[in-house]
1. Once fully extended, how much extra length lies between residue 6 and residue 132, figured as 0.36 nm per residue of separation less the alpha-carbon to alpha-carbon distance?
2. Under a point spin-label approximation (7 Å from Cα along Cα-to-Cβ), what is the residue 39-residue 22 distance to one decimal in nm?
3. What 222 nm value per residue comes from the helices of the chain, counting each DSSP H run with n ≥ 4 as -39,500 (n - 2.57) and dividing by all residues, nearest 500 deg cm²/dmol?
4. Can you pick out the pairs among 3/141; 12/110; 12/147; 113/141; 110/134 whose Cα atoms lie more than 23 Å from each other?
5. Please identify the chymotrypsin sites (Phe, Trp or Tyr not before Pro) of region 44-151 that satisfy two criteria: DSSP loop assignment and at most 16 other Cβ atoms within 10 Å. Which are they?
6. Calculated FRET efficiency, residue 150 and residue 83, Cβ-Cβ r, R0 41 Å, to nearest 0.05?
7. Report the gain in length on full extension from residue 90 to residue 71: 0.36 nm times residue separation, minus Cα-Cα distance, nm rounded to one decimal.
8. Run the quick spin-label model on residue 123 and residue 108: label points 7 Å from Cα toward the beta carbon, then report their separation in nm to one decimal.
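Coordinate-derived values only; no laboratory data. Values in this document were obtained by computation on a predicted structure and should not be read as measured data. Cβ: placed from backbone, ideal geometry, glycine included. Neighbour counts: every protein chain shown.
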Amino acid sequence: MPKLDLSQVPVKTGSIYPEPYASMVKGRSSLRLGDAGGLTQFGVNLVMLEPGAMSSLRHWHMAEDEFVMVTEGECVMVQDGGETVMRPGDCAAFPAGSTDGHHFLNRTEKVAKFLVVGTKAKREVATYSDVDLKVEIEAGKARFTYKDGTDWTGPR
């Protein structure tokens, strides 16, 4: 595979989250580098956060490992135990099944970027720590439920 030309990798914006959560990640975009390189066993994404943006709802993965490395700017990693400032070169790892939800915030005036590497499980369940929401992903299709497994119809 030749060197990836990042200028040719489509920028992904938006979210699969239902509203009102999709609007909460406005200002987040990513380059799906693993997909652009033809990788199928794990994902590699370069995430860009505009000033004031949030990477995701705070979440944890049942079946997928996730690794993050900040490449530019500064982010705040939020977990159950509190907040940690992350700068270029700082890394974090989130093993599958660990229930310590996480996400990243950009509280600066400059764009922040971080690389995310994660498993591509055939079936995945992610649970959102701070809201009553869970997603099940299988065969590329997402199904949102409440944490008790009932179909999601909106915030309760």
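1. Contour length minus Cα-Cα distance gives 41.7 nm.
2. According to this spin-label approximation, the distance is 2.7 nm.
3. On the way: 2 runs with 8 residues, N = 156.
Theoretical 222 nm ellipticity from helices: -500 deg cm²/dmol.
4. Numbers: 3/141 31 Å; 12/110 20 Å; 12/147 28 Å; 113/141 27 Å; 110/134 31 Å.
Over 23 Å apart, Cα to Cα: 3/141; 12/147; 113/141; 110/134.
5. Values: sites: 60, 67, 104, 114, 128, 144, 146; in loops: 146.
When the chymotrypsin sites (Phe, Trp or Tyr not before Pro) of region 44-151 are filtered for loop state and at most 16 Cβ neighbours within 10 Å, 146 remain.
6. Working: r = 32 Å, r/R0 = 0.78.
Efficiency, from the Cβ-Cβ distance: 0.80.
7. Numbers: separation 19, 0.36 × 19 = 6.84 nm, distance 0.82 nm.
Roughly 6.0 nm would be gained on extension.
8. My value for the distance between the label points is 4.2 nm.
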